[in-house]
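Below: the structure, in structure tokens.
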Amino acid sequence: MIQIRSTVIYDDVATELSAQSQAGQLWIESGDLSRATRFELKPRGVCRGELCYPLPPSRQSEFVQEQSGKSWFNLTAFARLMSQPVAHDAAHSRLVFRSALRSAPAIVLIASAGLHPSRYRRETAFAL
Amino acid sequence: MPGWQAIYEELKDKNFEIITVAEDTRGVQDAGPWMTAAMLPMSAPVRSPAPAERIRLTHTALIDQEHLISRLYNMVNVPTAVWINEQGRIVRPNETAYVDDRLKHIHGLESAPYIAALRDWAERGSQSAYVFSEERLRESLAPQNPDWSLAAAEFGLGEYLYRTGRLPEAISHFKEAQRLNPESWNYKRQAWLLSDSQRDYGTTFREEVAKLNGKRYYPPRDLPGEMA
């Protein structure tokens, strides 16, 4: 594993963090997962609020590993699990994770005939 | 902008709302003057909106620097509009949307059919003949394309690199986005705007349009009087 400083752009938010790179995979400290992605590692899976992605039981080590007394999370493998597109520079120092639109819930209300603009601002939500 | 503002003024009391969104990587720098044109003096520099453009906007006008709307609605060119009803459902998918004829001599599209459709929808709501049924909508929506999804990520990385002062690094990612999604004129237009397109991409917007060689710049629309 190669230690690197990486910038992860997740849902259009950039977070700098320490990471490890190995064979094209980006591993971040599990403790940084929430800060970088708003996902949390829980017993039932990788979760954001009530939405959870279970990790395949037989492939846990593909996603989570202990090394040097720290827990590391494979962000690249998780993206692959969610069919999430990832772009990165050659050194893996900057990565952009885009939403997997196919799996994103269609909950967006962008505009609606009849809504007063102030109401629109309260109700607007973007599915990512 | 003047055209959309005029439509808004005409239809706003008919349970109708317009949200215009400027998809500009340079955000306020490029889009801002068009939105605050009413406050500009007439002696403002050439790049500022011309006097005819300087109207006061009273509809909701946003700037989407991250191109989120383009990603969500698979918009690949401008101007593009999508219709969404009171229940938050798409009732007419994204399509080329001109509401005036100032550039008709370039693209050939009449604004009248689209304006008529808007008026009919504002008047008749779900009963409008211009509203798509769910089945028709489903048929019209393109299936998710993995290459296009990756193109969005590459474009996003290019934008991040550009905004953090790394334009030379950004160019390779902008090029990759264009390669993965050659249908997107938005990717081309934005990238070429941010640098010297001839030097960095070996082409210009005008040259690329000329390469169409008779092929449509905009996809055909399902509106009366327009050929498919």
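Here, each number is a calculation from the coordinates, and none is a lab measurement. Remember, it's a predicted structure, so these values are computed and weren't measured experimentally. Because the Cβ atoms are built from the backbone with ideal geometry, glycine has one as well, and the counts that use them run over all protein chains shown.
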Alpha-carbon centroids, the range B:100-179 and the range A:6-42: separation in whole Å: 31
In terms of the charge dipole of the range B:75-228, which places +1 on Lys and Arg and -1 on Asp and Glu at the beta carbon, the residue among B:LEU194, B:LEU109, B:GLY156 farthest towards the positive end is B:LEU194
Over all viewing directions the Cα convex hull of the range B:103-228 casts an average projected area in nm² of 10.1
Rg/Rg_ref, the range B:2-140, where Rg_ref = 2.2 N^0.38 Å and atoms are Cα: 1.11
Where does each of B:82-93, B:128-139 land if you order them by average Cβ count within 10 Å, highest first? B:82-93, B:128-139
Report, in debye and to the nearest 20, how large the dipole of chain B comes out about its Cα centre when Lys and Arg carry +1 and Asp and Glu carry -1 on their Cβ. 400
Pop out the ³J(HN,Hα) list for the range B:94-104 in order, Karplus 6.51 cos²θ - 1.76 cosθ + 1.60 with θ = phi - 60°, rounded to Hz; leave Gly and Pro as x. 4, 7, 4, 9, 9, 10, 8, 10, 5, 10, 4
Which of B:LYS104/B:LYS175; B:LYS175/B:LYS211; A:LYS42/A:LYS70; B:LYS104/B:LYS215; B:LYS12/B:LYS104 exceed 20 Å between C-alpha atoms? The answer is B:LYS104/B:LYS175; B:LYS12/B:LYS104
Per residue of B:139-146, count partner chain C-beta atoms within 10 Å of its C-beta, then hand back the mean as an integer. 1
Which trypsin sites (Lys or Arg not before Pro) in the range A:42-76 pass both tests, a DSSP loop state and at most 12 other beta-carbon atoms within 10 Å? A:ARG44
Can you divide the C-alpha Rg of the protein assembly as shown by 2.2 N^0.38 Å and report the result to two decimal places? 1.09
